[in-house]
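Quick one: the structure is below, questions incoming.
The values are calculated or read from the model by the stated rules, or taken from the named source; none is laboratory data. Please read all numbers here as calculations on a predicted model, not as lab measurements. So basically every Cβ, Gly included, is an ideal-geometry build from the backbone, and we count neighbours across all protein chains shown.
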Amino acid sequence: MITAQNLTKRFGATTAVDDISFEVRPGQVTGFLGPNGAGKSTTMRMIVGLDRPDGGSVTVGGRPFAAHAAPITEVGALLDAKAVHPGRTAEAHLRMLAATHGIGRDRVGEVMELTGIESVARKRVGGFSLGMHQRLGIAATMLGDPHTLILDEPVNGLDPEGVHWVRGFVRSLAAEGRSVFLSSHLMSEMAQTADHIIVLGKGRVLADAPVDEFLRGSQRERTRVRSSDSRELGVLLASEGVAITAASGDVIEVEGVPAARIARVAVEAGIDLHELLPQRGSLEEAYLALTGDAVEYRSNPAAAAA
């Protein structure tokens, strides 16, 4: 379990992390989201003692990371998949890490098999693709069979099979009762993997909630409607705060009106309904709506089109 209380970090005049508090609980995958510059990487670095907080505290398993006698058995962290000496082989790298904690060679073989890198065990890391670096990094996080996993963008560079494997892997770790803290910019992947979401923007917590609750709280009700007279139904439903979009000839999308109200209006007007399908907003839509004012680096679509 990770517990951050009033965590703050400044770099000169810039406050990268601004008085944030959150928990990463056992038995679930907690997704960590935010625009570039939001403070995610700095927060993860403070968790594992690579950056010192200017205020507040953060513990893992009830203690600061450095206070654990064998940190690798409590926390497995992948913050930079390519932070490995390029001249070492994959096996030598893992054996070096294992030796620092008295972990035997058998465990090195187990984590290589777990991550599918046995075939490149004796190859130098400098020749690895980004995807193979990711697998090696995940193998390193699992050496100590830790209670908590911290993974920063673990699917970068992986092919579809690798992405699918990482998704199933972190879900299985959470099912075993471990705490999994997962950062990613891939919203579709996070939507399929995370149970809980923490969103940072400009160093502050913008959201901290289960995924379903986050979606409900960030989205207006939207319903796909197919009827015998979609135009007339749209006129009857139109009012302040209601948005109606024509999707095709007999289909409209209605936002801001409960599906039950749409059905009642149609029945009263004698309009036949052929389809009434509430639409769940995507995690990407909810995230963009929440972080729109917290984006530090914003692109210019007009300039790109020129």
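How many residues are among the hydrophobic types (A, V, I, L, M, F, W, C) and in a helix (DSSP H, G or I) when one looks only at the stretch 25-62?
Looking only at that region, the number is 3.
If a residue must be small (Gly, Ala, Ser), within 25 Å of SER129 (Cα to Cα), within 24 Å of the chain's Cα centre (by Cα) and loosely packed, with under 14 Cβ neighbours inside 10 Å, how many such residues does the stretch 50-96 contain?
Total satisfying the criteria: 1.
Which residue pairs have Cβ atoms closer than 8 Å, lie 6 or more positions apart in sequence or on different chains, and pair a first residue in the stretch 37-50 that is free of Cβ contacts under 8 Å to residues at least 24 places away in the same chain with a second residue that is part of a helix (DSSP H, G or I) and surrounded by 18 or more Cβ atoms within 10 Å (Cβ to Cβ)?
GLY49/PHE65
Here's something else I'd like to know. Please go through the stretch 127-151 and give me each residue that is assigned to a helix (DSSP H, G or I) and over 22 Å from GLY177 (Cβ atoms), ordered by number.
GLY127, LEU130, GLY131, MET132, HIS133, GLN134, ARG135, LEU136, GLY137
Against the conditions (1) touching a residue at least 60 places away in the same chain (Cβ under 8 Å); (2) surrounded by 17 or more Cβ atoms within 10 Å (Cβ to Cβ), where does ASP195 fall short? Just the number, please.
Checking ASP195 against (1) touching a residue at least 60 places away in the same chain (Cβ under 8 Å); (2) surrounded by 17 or more Cβ atoms within 10 Å (Cβ to Cβ), the one that fails is (2).
Only one residue in GLY62, GLY102 is farther than 20 Å from SER172 by Cβ and in contact (Cβ under 8 Å) with a residue 60 or more places away in the chain, so which one is that?
The match here is GLY62.
Name the residue, out of VAL265, VAL180, that is touching a helix residue (DSSP H, G or I) at 6+ places or on another chain (Cβ under 8 Å), assigned by TED's automatic domain parsing to the domain that holds LEU78 and not acidic (Asp, Glu).
Exactly one of VAL265, VAL180 is touching a helix residue (DSSP H, G or I) at 6+ places or on another chain (Cβ under 8 Å), assigned by TED's automatic domain parsing to the domain that holds LEU78 and not acidic (Asp, Glu), namely VAL180.
Something else: Could you check PRO53 against (1) without any contact (Cβ under 8 Å) to a residue 24 or more places away in the chain; (2) closer than 23 Å to ALA4 by Cβ and say which number it fails?
It is condition (1) that PRO53 fails.
Oh, and also: Mind telling me which of the residues ARG280, ARG231, ARG261, ARG226 ends up being touching a residue at least 40 places away in the same chain (Cβ under 8 Å) and farther than 30 Å from ILE197 by Cα?
Step by step, each of ARG280, ARG231, ARG261, ARG226 is checked, and only ARG226 is touching a residue at least 40 places away in the same chain (Cβ under 8 Å) and farther than 30 Å from ILE197 by Cα.
Filtering the stretch 118-131 down to residues that are in contact (Cβ under 8 Å) with a residue 40 or more places away in the chain and either within 19 Å of SER184 (Cβ to Cβ) or surrounded by 14 or more Cβ atoms within 10 Å (Cβ to Cβ) (or both), which residue is nearest to the chain's Cα centre (by Cα)?
Top of the filtered list is LEU130.
Going by what's in this entry, would ASN6 be described as in contact with an Asp or Glu (Cβ under 7 Å, 6 or more places away or on another chain) and assigned to a strand (DSSP E or B)?
Answer is yes for this residue.
Within the stretch 17-44, track down each residue that is buried (at least 21 other Cβ atoms within 10 Å of the Cβ) and among the hydrophobic types (A, V, I, L, M, F, W, C).
VAL17, ILE20, VAL24, VAL29, PHE32, LEU33, ALA38, MET44
Condition check ((1) modelled with pLDDT of 95 or more; (2) in contact with a strand residue (DSSP E or B) (Cβ under 8 Å, 6 or more places away or on another chain); (3) over 25 Å from ALA140 (Cα atoms)) across all residues:
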{"residue": "THR3", "(1), (2), (3)": "yes, yes, no"}
{"residue": "THR14", "(1), (2), (3)": "no, no, yes"}
{"residue": "VAL17", "(1), (2), (3)": "yes, yes, yes"}
{"residue": "PRO35", "(1), (2), (3)": "no, yes, yes"}
{"residue": "SER41", "(1), (2), (3)": "no, yes, no"}
{"residue": "GLY49", "(1), (2), (3)": "no, no, no"}
{"residue": "ASP80", "(1), (2), (3)": "no, yes, no"}
